[in-house]
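Right, one structure below, let's go through it.
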Amino acid sequence: MTPLRFLRQPFFWVIVAMTAVFIAWPLATGDVRLRESLVLAAVYIILASNLNLMLGYAGYVNFGSIVFFGLGGYVGVYLISEQHWHPVAAALAAGISVSALALLFGLGILRLRGFYFALSTIGVNEGVRAFVSNFAPWGGASGLYISLDSYQSLGGPRQALWTIYILLVGVMALSLLLSFGIKRSKFGLGLRAIGQNEDAAGVLGVPTPLYKALAYSISAFLPAVAGSFYFFKSAFIQPVDAFDLGFSVEVIVTVMLGGTGTVAGPAIGAFLYEELRGWLLTSPAFSNFQLVIAGALLLAIVIFAPGGVMGWIFRHIPKMRRILE
Amino acid sequence: MTTLLDVENLSLRFGGVRAVQSLTFFVKEREILGLIGPNGAGKSTVFNLIDGIYPPDEGRIAFAGKDITGEKPYRIVRHGIARTHQIVQPLSGMSVLENCMVGACFGFRNQSLSHARETVREVLAVVGLADRVNDSASQLTIAGKKRLELARALCAEPKLLLLDEVLAGLNPAEVERMIEVIRGIRQRGVAILMIEHLMQAIMSLSDRIVVLNTGQKLAEGTPQDVANNKAVIEAYLGDPGMVENGVRPHPGAAP
Amino acid sequence: MFEIIASIIDGILVGSVYGMAAMGLTLIWGVMNVINLTHGALIVAGMFAVFLLVQAFGVSAYVVAPATLAIGFFAGVAIYWIAVQRMIGRPPLMSLLSTFSVNMILIGLGTSLWGTVLFNVEVSLPGLTLGNYTFPGTHLMAAALTLLIAVLLYFFLQFTRQGKAIRAVSGNREAAELVGIPTRRVLAMAFGLGAALACGAGALIATMFPFTVLAGGAYQLKSFVVTVLGGLGNPAGALLGGVALGLVEGLTTPFIPVSWTSVIEFVIFIFVLIAYPRGLFNFTFRRS
């Protein structure tokens with residue numbers, strides 16, 4: 001789709017509006033807690049949208065998608081704190097290196113189908129985590145810290161937090177635009193054909209190995225960039241956080257909650273889930289039960305509403321199909 | 001007319017079973033070649049071999065002069081061969097339009113989305129699905145799904161079309177309709193290799209016929225030749241005595 | 001040199017228990033095409049079951065072990081009816097997610113009740129000392145019990161009516177229904193059986209090593225590795241796969257720091273998944 005046609009799509013403006021709100025609201029109020037809550041929402045949306053490329057379009061369940069986020073974080077933090085790179089350059093380097101690595105890995109594991117593929121993605125995540133935990137230059141199991149002067153290039157710690165926030169919102173907007181653009185493209189058509197029936201798609205001429213590998217690699221790029229920004233902001237990274245399989249699964253829950261295969265679905269699901277989670281964590285009665293409730297929620301979605309929120313919306317308000325994707 | 005598809009000495013084994021044995025035949029440009037034989041004769045396997053789904057143990061497949069033996073399925077389409085499946089394989093979650101777009105975008109001409117849309121509309125009109133453009137593929141009847149399968153293959157703009165029992169499961173009116181469509185396809189310059197069990201249809205459509213039995217070529221020739229071939233009659237009816245006693249199958253009878 | 005051989009043998013003993021856990025996972029896969037992601041939680045349930053029963057009744061862990069099998073069985077049947085039954089025939093993602101969500105619920109409840117504290121089951125069993133190396137009695141006992149259970153499972157599947165029903169359903173569900181086998185009940189039973197194996201393995205592991213509520217994850221991953229080694233759907237292969245994994249662990253622990261063992265396991269895992277997706281020990285004539 002040409003850039004000009006993009007501008008005529010209603011959904012494009014939905015994304016723009018959403019980004020504007022995300023930026024303007026905390027900036028106008030200066031509310032740090034709001035900003036932090038929205039940072040988390042943005043991260044969930046980034047991870048969910050990119051996961052959707054593999055999960056919703058191509059139909060491949062990536063249980064270990066968090067590995068892109070974590071590795072991106074490590075590359076970024078390492079380049080910034082040990083090699084004194086500028087945070088934006090480091091984030092770009094993280095994105096490029098992790099998606100290149102993903103392409104390499106992908107060529108191997110994308111030959112697998114269904115469960116085998118899903119299992120292998122868990123293997124990749126756990127393997128990378130075990131490796132990093134033993135890798136001394138990256139701090140091993142204790143992780144890496146970022147010293148305060150690394151924030152000077154962005155105007156000092158306090159200013160830097162705001163700048164990084166805006167950068168993350170930017171990555172979020174890019175994720176949504178990417179998901180949208182792919183969905184309307186020939187590449188996206190091929191991916192969705194693969195998701196429906198991979199063998200038939202091959203017979204129809206869709207170059208399945210290439211497309212799968214591309215999708216896998218592309219789905220790694222923005223999460224890696226986001227990981228770099230996020231852990232830079234947190235000033236600390238360690239394997240158990242960076243490669244948290246549970247987080248990976250939460251992202252799958254958000255995609256299911258919102259509706260796979262749509263662009264707005266992962267965003268809606270991510271936002272709802274993050275709000276729910278935040279509420280659960282602060283509510284004294286439920287903090288221990290966070291996992292239980294997330295699990296029950298996922299079970300309910302899978303059994304009763306596998307189409308997620310978007311599925312429900314499309315069924316009851318068909319007109320929304322023209323505005324939301 | 002030049003030879004379009006050349007199959008030489010093709011063989012494939014599944015474990016201990018010889019699915020196809022030393023098969024040799026050819027398809028000329030613009031001709032309709034019928035592939036018939038009793039169940040289990042290996043007809044669909046031949047399609048899967050041409051299509052690159054199984055690589056052959058022995059033999060060679062050439063198309064328009066190029067050797068395409070063992071190439072991957074998604075490349076075969078780029079050479080100009082499209083196929084339908086015996087058991088239809090619609091992309092169920094997508095619409096009729098989208099199904100055909102896949103065929104057009106990734107087929108012989110590898111078109112862009114906008115060009116593909118034009119091709120699709122033309123084909124859908126020819127096949128008779130123009131009014132179902134935006135329906136989900138899962139909502140079609142069996143006849144509709146068969147037409148979708150055919151439309152999708154046509155959207156790839158092939159030079160050779162492989163039809164695998166495209167008439168099975170259709171009522172007589174639908175069969176008539178489909179036969180017209182197939183004739184129309186040939187008019188537009190596409191060669192057709194078709195597997196069929198409906199004897200009347202394939203005898204009237206085909207220029208030539210190849211008969212397969214237990215993976216081997218049993219007979220080859222015009223529909224008349226094949227209908228009168230003793231070995232073919234035996235293979236279908238199983239009892240040589242029946243021929244001796246003067247029982248001959250009418251070319252229109254189903255086996 | 002002797003230490004290395006002894007370490008390998010010890011690894012094989014422990015590995016056989018991993019094999020038992022994997023048998024549960026692979027049985028469920030083979031019968032109903034479902035990857036049971038509650039597997040880890042069931043292993044942990046077995047661990048806590050044996051701990052609590054020993055505390056409550058003051059008897060030896062091995063006396064209560066059969067009870068853990070029963071607990072596992074009933075838990076498995078319940079999980080089947082709640083989360084799995086509706087997912088049969090739906091895309092694989094659905095059963096993956098439904099079992100995973102049950103896992104989250106169970107682990108969440110577990111952490112609420114017991115936190116992440118380390119637990120231990122006291123077992124005093126004399127070991128076997130050869131030369132410098134003492135094979136812990138618990139390891140020997142666990143391996144022996146695993147072998148016993150494997151043999152019992154074999155007899156059950158081969159010679160009992162229910163066992164044959166399970167094999168019929170796993171071979172061809174439609175045909176089984178046509179001959180009047182109550183497939184849903186059989187599937188529930190098979191799931192219960194797989195869960196019982198997981199629980200039982202957990203109980204045995206608890207006699208050998210200390211554990212926490214979160215330990216299930218690590219053992220579930222080990223079960224995946226073993227299952228893939230043996231070939232999905234192949235119980236005998238799972239046992240052999242467990243032995244093989246134990247062998248690898250026994251071989252590497254004398255030389256490499258323990259934390260690297262997991263890296264090696266994952267490399268093997270991915271390698272086998274890609275190069276030998278049917279598993280290394282696939283002796284059954286099962287078309288996948």
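Decide, for the stretch B:93-158, between rounded, prolate and oblate: order the square roots of the alpha carbon gyration tensor eigenvalues as a ≥ b ≥ c, take rounded if a/c falls under 1.5, and otherwise choose prolate if a/b is larger than b/c, else oblate. Cα axes put the stretch B:93-158 in the prolate bin. Charges on Cβ only, +1 for Lys and Arg, -1 for Asp and Glu, centred on the Cα centroid of the stretch B:93-158; of B:A130, B:A143, B:N99, which one is farthest towards the dipole's positive end? Value: B:A143. Where only DSSP H runs of four or more residues are counted, the protein assembly as shown gives -20500 deg cm²/dmol as its mean residue ellipticity at 222 nm, each run worth -39500 (n - 2.57).
Of the residues C:V14, C:A75, B:V175, the one whose Cα sits farthest toward the positive end of the charge dipole of the protein assembly as shown, with +1 on the Cβ of Lys and Arg and -1 on the Cβ of Asp and Glu, is B:V175.
Take each residue of peptide C:269-279, count the partner chain Cβ atoms within 10 Å of its Cβ, and average: the result is 4. Counts of other chain beta carbons within 10 angstrom of each beta carbon in peptide A:293-301 average 5. Short-range pairs are left out: with C-alpha atoms under 8 Å and at least six residues apart, the relative contact order of the stretch B:178-228 is 24 percent.
Between C:A56 and A:S142, what FRET efficiency follows from the Cβ-Cβ distance if R0 is 41 Å, with the result rounded to 0.05? Once the sixth-power term is evaluated, E becomes 0.55. Projecting the Cα atoms of B:P158, C:I4, A:S217 onto the dipole axis of the protein assembly as shown, where Lys and Arg carry +1 and Asp and Glu carry -1 at the beta carbon, places B:P158 farthest toward the positive end. Most tightly packed first, judged by the mean number of other beta-carbon atoms within 10 Å of their residues, the peptides B:157-165, A:70-78 read A:70-78, B:157-165. Remark: the A:H316-A:Q152 segment gains 53.9 nm on full extension, using 0.36 nm per residue and subtracting the alpha carbon distance.
The calculated Kirkwood hydrodynamic radius for the protein assembly as shown is 30.1 Å, given to one decimal from all distinct C-alpha pairs. Shape analysis of the stretch C:2-275 places it in the prolate category; the axes a ≥ b ≥ c from the Cα gyration tensor give an a/c of at least 1.5, with a/b above b/c. Ordering C:E249, C:E122 from the fewest to the most neighbouring beta carbons within 10 Å gives C:E122, C:E249.
Full extension of the chain segment joining C:T129 with C:A275 gains 48.6 nm, where the gain is 0.36 nm per residue of separation less the Cα-Cα distance. Where the centre of each part is set by its Cα atoms, how far does the stretch C:198-230 sit from the stretch A:233-257, in angstrom? For the stretch C:198-230 versus the stretch A:233-257, the Cα centre distance is 24 Å.
Report the charge-dipole magnitude of the stretch B:58-100 in Debye, nearest 20, computed about the Cα centre from +1 at each Lys and Arg Cβ and -1 at each Asp and Glu Cβ. Value, rounded to 20: 120 debye.
With all projection directions averaged, the alpha carbon convex hull of chain B covers 13.8 nm². In the protein assembly as shown, the DSSP beta bridges split such that about 65 percent are antiparallel, to the nearest 5. Remark: A:I166, B:I76, B:I81 ranked as A:I166, B:I76, B:I81, counting other beta-carbon atoms within 10 Å and listing the fewest first. When the P(r) is computed for the stretch A:125-191, the part past 14 Å accounts for 74% of the Cα-Cα pairs. Kirkwood hydrodynamic radius of the stretch A:3-244, from the reciprocal of the average inverse Cα-Cα distance over all distinct pairs: 18.6 Å.
The magnitude of the dipole of the protein assembly as shown, with charges of +1 and -1 set on the Cβ of Lys/Arg and Asp/Glu and taken from the Cα centre, is near 1520 debye. Applying the Karplus relation 6.51 cos²θ - 1.76 cosθ + 1.60 with θ = phi - 60° to the stretch A:96-103 yields 3J(HN,Hα) values of 5, 5, 5, 6, 5, 4, 4, 4 Hz, where x marks Gly and Pro. Structural descriptor for chain A: relative contact order 31 percent, calculated from alpha carbon pairs under 8 angstrom and at least 6 residues apart.
Roughly speaking, what is the centre-to-centre gap between the stretch A:72-114 and the stretch C:43-58 when only Cα atoms are used, to the nearest Å? One Cα centre to the other: 45 Å.
Measuring between their Cα centroids, the stretch B:132-175 and the stretch B:1-56 lie 22 Å from each other. Across the stretch B:93-158, the mean sequence separation of Cα contacts (distance under 8 Å, 6 or more residues apart), normalised by length, yields a relative contact order of 53 percent. On the beta carbon distance between A:I323 and A:L161, with R0 = 45 Å, the FRET formula returns roughly 0.85. About its Cα centre, the stretch C:178-288 has a charge dipole of approximately 500 debye under the convention of +1 per Lys or Arg Cβ and -1 per Asp or Glu Cβ, with nothing else charged. The simple Förster model, with R0 at 51 Å and r as the Cβ-Cβ distance, assigns A:A24 and C:L118 a FRET efficiency of 0.55. A protection proxy built from the mean count of other Cβ atoms within 10 Å ranks the segments B:174-183, A:240-249, most packed first, as A:240-249, B:174-183.
In angstrom, the C-alpha Rg and Dmax of the stretch A:114-227 are 19.5, 57. Residue by residue along A:116-127, Cβ atoms of other protein chains within 10 Å of the local Cβ number 6 on average.
Readers should treat all values here as calculations from the given coordinates under stated rules, not as data from a laboratory. Keep in mind that what you see is a predicted model, and the values were worked out from it rather than measured. All Cβ positions, glycine included, derive from the backbone under ideal geometry; neighbour counts span all protein chains shown.
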